[in-house]
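I have placed the structure first, in the form of structure tokens, so that the comments after it can refer back to it.
The values are calculated or read from the model by the stated rules, or taken from the named source; none is laboratory data. As the structure is a computational prediction, the values presented were derived from the model and not from experiment. Glycine gets a Cβ as well: all are built from the backbone with ideal geometry, and neighbour counts include every protein chain shown.
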Amino acid sequence: MDIWAHHSPIQAPDQTRRRIRRLQLGLTMRGGQGAARALVLQFTNCRILRGGALLREDLWVRGGRILDPEKLFFEERRVADEQRDCGGCILAPGFIDVQINGGFGVDFSQATEDVGSGVALVARRILSHGVTSFCPTLVTSPPEVYHKAPEAASLPEAAGDFVIAPSLDVHSSNWFVVLPQIPVKSGGPHGAGVLGVHLEGPFISREKRGAHPEAHLRSFEASAFQDLLATYGSLDNVRIVTLAPELDRSHEVIQALTALGICVSLGHSVADLGAAEEAVRSGATFITHLFNAMLPFHHRDPGIVGLLTSDQLPPGRHIFYGMIADGMHTNPAALRIAYRAHPQGLVLVTDAVPALGLGNGRHTLGQQEVEVDGLTAYVAGTKTLSGSITPMDVCVRHFLQATGCSVEAALEAASLHPAQLLGLEKHKGTLDFGADADFVVLDDSLHVRATYISGELVWQAEETRQ
Amino acid sequence: RRPRRAGVYIRVLSFALRAPVGVAPRWPCVGCARRSSVGRASGPAGLNFLSWKLCITTMRLVILDNYDLASEWAAKYICNRIIQFKPGQDRYFILGLPTDFSSYVKKWNLSVLGSTPLGCYKKLIEYHKNGDLSFKYVKTFNMDEYVGLPRNHPESYHSYMWNNFFKHIDIDPNNAHILDGNATDLQAECDAFEKKIKEAGGIDLFVGGIGPDGHIAFNEPGSSLVSRTRLKTLAMDTILANAKYFDGDLSKVPTMALTVGVGTVMDAREVMILITGAHKAFALYKAIEEGVNHMWTVSAFQQHPRTIFVCDEDATLELRVKTVKYFKGEH
């Protein structure tokens, strides 16, 4: 990964670096030796998104990967084994959601006995929204949600700022830890693939905590990165960490996380532009839900928003920023300003709460209650927005309509840009030859008709089943 | 006298090229909307071999109004020939095919420049998609390929043939032969190509175009008229003309190519040369109004028993009025 080249004063232990490489490979190890004998599928009568344009081409798939048909014709001298007519639809790379807190009643941050089945349920249900890969997001939670606190007798000497966690929760949920139960996993008929966990907090600003519980916020105190490790335990399954760069010693932490291959995101922060630029120079590459939970744009100090057009970033790099394009978290005019200022960096996220896909009423998010009313979800009893319940395909349609951008740009914002953010653009978020065959069949109004993972049909809309 | 179909003049025996009754009757006679009773009188088998032979030896130059009509005429001719041949499991129709610059398609308006077989390929694809023509029992041999250009380079002839023809039709990949410009032993590759043509039984119809300098395939001026498939160095004119398709960088333009020889094309049972556009007019003049000359290699086909030159009005600009009138049938 490119970001390794920039900063790594704190060397990651070899083991962790190997783990990162295994993590990346594990997501891309498809095909293998049996690939050449696998069936060749040809999707015809469609328009595919390739190279930023919708081309009138057929999509060829073999062994779960996109195949180069010219190579197949001239080198292997083969034709397709099976042809599928797509009815003139658009074939786009599967959407990637890098910020989703739960859905369908499942709360990823809630420590339960069987977190895995909750993640699996969400993974399966979001296939109908066209999402083929996602990052389950954990909001600010007590440490025992992230890792199991050791027994008192076996406390290591360098406990530091360990919170031993006498039981805060009478339901003895301190026995169930969440983070180790969400491993990286490939997608398939069982559901969308898990790319890794997005840890949003607890190292965020008190003033901009939004819906995050104040009691569990933390800062880097004595030992910076060790403090972070102490809170999270193992970083094995972690893909993105959101933190506030104005916290003391954050640049060390950002450098350490970047060296481990973890994407660092700025959010829930009152940082000014200078601190934000410093953080980007240390390795941060993402902004969590732009405009929300940060200082508003000011013409003399644009704050984190100013990163979109900052000229102080390392050369050749640009910042990615998540936007919740549901029409509520951001005014469409603000969405347009951000898009026009920096179209290449826009990443569509849902920031969906467990109420996604459920009806009106009260539901649980992290350690707090939220109230769903129609299309909005608030922290119970307040007017603070508590995440959105807009599915990804609705976000894409709303984004297209609000910005007036091209269909290609809207689709790339939900697929290619998140893949680029995570350094996976060779395998995900694209329909180039050799990429994973995760794609979504859309009609002209960008409604999802079918979802494919590894070239296999994993979801189909009702009317197309007949 | 029944009015002729507007814009098409063919000096042929009237019943000669109609689609035989019972075989692909969906379109009228190639280039002519009339259905005369003479053809029907020849019975359900339709066109018999003798009348076909007669018609071919009388036809030399076919002049259409514009590039689109010329492409359509050529495509219909190829289509008819394949269907009349009745290809099958043990009886393949062997077709020789031309290529051209892929970037022409993207950057320029084709009908302005003419001179590419693309229109012909598009029409053939259309006939295939309509269900009128199958390439299942057709073998193709392409004329040439650059040396040293990666097979998947957008300007390679493999890419051109794949994007503009092969991917739209039902040809068996084992039957589509193109010279490999990246072979380790180039002469052996050429010899093997000649051998493959021979083993297939020789080419039934070789379709080609010409360059502004009168070359056929990459047989540049000065090439032997009895040459076989071989490695050729490209003329400076050709390299300069090609530069714009390689980002204007002369160092990126291939300087050598593998090409079928003039003799190889002359061995085909039938040859059809497509010539469209005013910039080919002088080459056409040299090809058919002057003598056989190795500086204008396409002139060798004056000595081929069955050659058709299909051109548009612009390509006849350098011909004598007398020649044009003769072939248009106006006496």
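Things worth noting here:
- Any hit, the stretch A:149-165, residues being in contact with a helix residue (DSSP H, G or I) (Cβ under 8 Å, 6 or more places away or on another chain) and modelled with pLDDT of 50 or more: yes
- Residue list for the stretch A:332-361, filter: assigned to a loop (DSSP other than H, G, I, E, B), out of contact with any Leu (no Cβ under 7 Å at 6 or more places or on another chain) and of a type in the set (A, V, I, L, M): A:349, A:355, A:356, A:358
- Residue check for residue B:217: without any contact (Cβ under 8 Å) to a residue 24 or more places away in the chain and farther than 22 Å from residue B:136 by Cα: no
- The condition of being aliphatic (A, V, I, L, M) and under 22 Å from residue A:147 (Cβ atoms) holds for only one of A:313, A:217, that being A:217.
- Looking at B:191, B:172, just one residue is on the phi < 0 side of the Ramachandran plot and more than 11 Å from every other protein chain (Cβ to nearest Cβ), and that residue is B:191.
- Filter result for residue A:234 (surrounded by fewer than 20 Cβ atoms within 10 Å (Cβ to Cβ), in contact with a His (Cβ under 9 Å, 6 or more places away or on another chain), at pLDDT below 90 and assigned to a loop (DSSP other than H, G, I, E, B)): yes
- Residues that are under 20 Å from the mean Cα position of the chain (by Cα) and either in a loop (DSSP other than H, G, I, E, B) or more than 14 Å from residue A:137 (Cα to Cα) (or both) within the stretch A:194-211 comprise A:195, A:196, A:201, A:202, A:203, A:204, A:209, A:210, A:211, listed in sequence order.
- Residues in the stretch B:160-175 that are closer than 19 Å to residue B:200 by Cβ and touching a residue at least 12 places away in the same chain (Cβ under 8 Å): B:161, B:165, B:169, B:170, B:171, B:172, B:175.
- Those helices (runs of 4 or more DSSP H) of the stretch A:374-455 in which at least 2 residues are surrounded by fewer than 24 Cβ atoms within 10 Å (Cβ to Cβ) and more than 16 Å from the chain's Cα centre (by Cα), considering only elements entirely within it, cover A:392-403, A:407-414.
- Beta carbons closer than 6 Å, at least 6 apart along the sequence or on distinct chains, pair a first residue in the stretch A:75-92 that is touching a residue at least 24 places away in the same chain (Cβ under 8 Å) and within 14 Å of another protein chain (Cβ to nearest Cβ) with a second that is surrounded by 12 or more Cβ atoms within 10 Å (Cβ to Cβ) and polar (S, T, N, Q) for A:80/A:42; A:83/A:42; A:83/A:44; A:85/A:44; A:85/A:45.
- Any chance residue A:364 is of a type in the set (Val, Ile, Thr), part of a loop (DSSP other than H, G, I, E, B) and surrounded by fewer than 24 Cβ atoms within 10 Å (Cβ to Cβ): no
- From the options B:181, B:209, residue that is assigned to a loop (DSSP other than H, G, I, E, B) and either within 14 Å of another protein chain (Cβ to nearest Cβ) or in contact (Cβ under 8 Å) with a residue 60 or more places away in the chain (or both): B:181
- Considered as a group, the residues in the stretch A:89-120 that are modelled with pLDDT of 95 or more and of a type outside the set (A, V, I, L, M, F, W, C) include one that is farthest from residue A:349 (Cα to Cα), and that residue is A:93.
- Taken over the stretch A:47-74, the criterion of being farther than 17 Å from residue A:436 by Cβ and away from every other protein chain (no Cβ under 14 Å) is satisfied by A:47, A:52, A:54.
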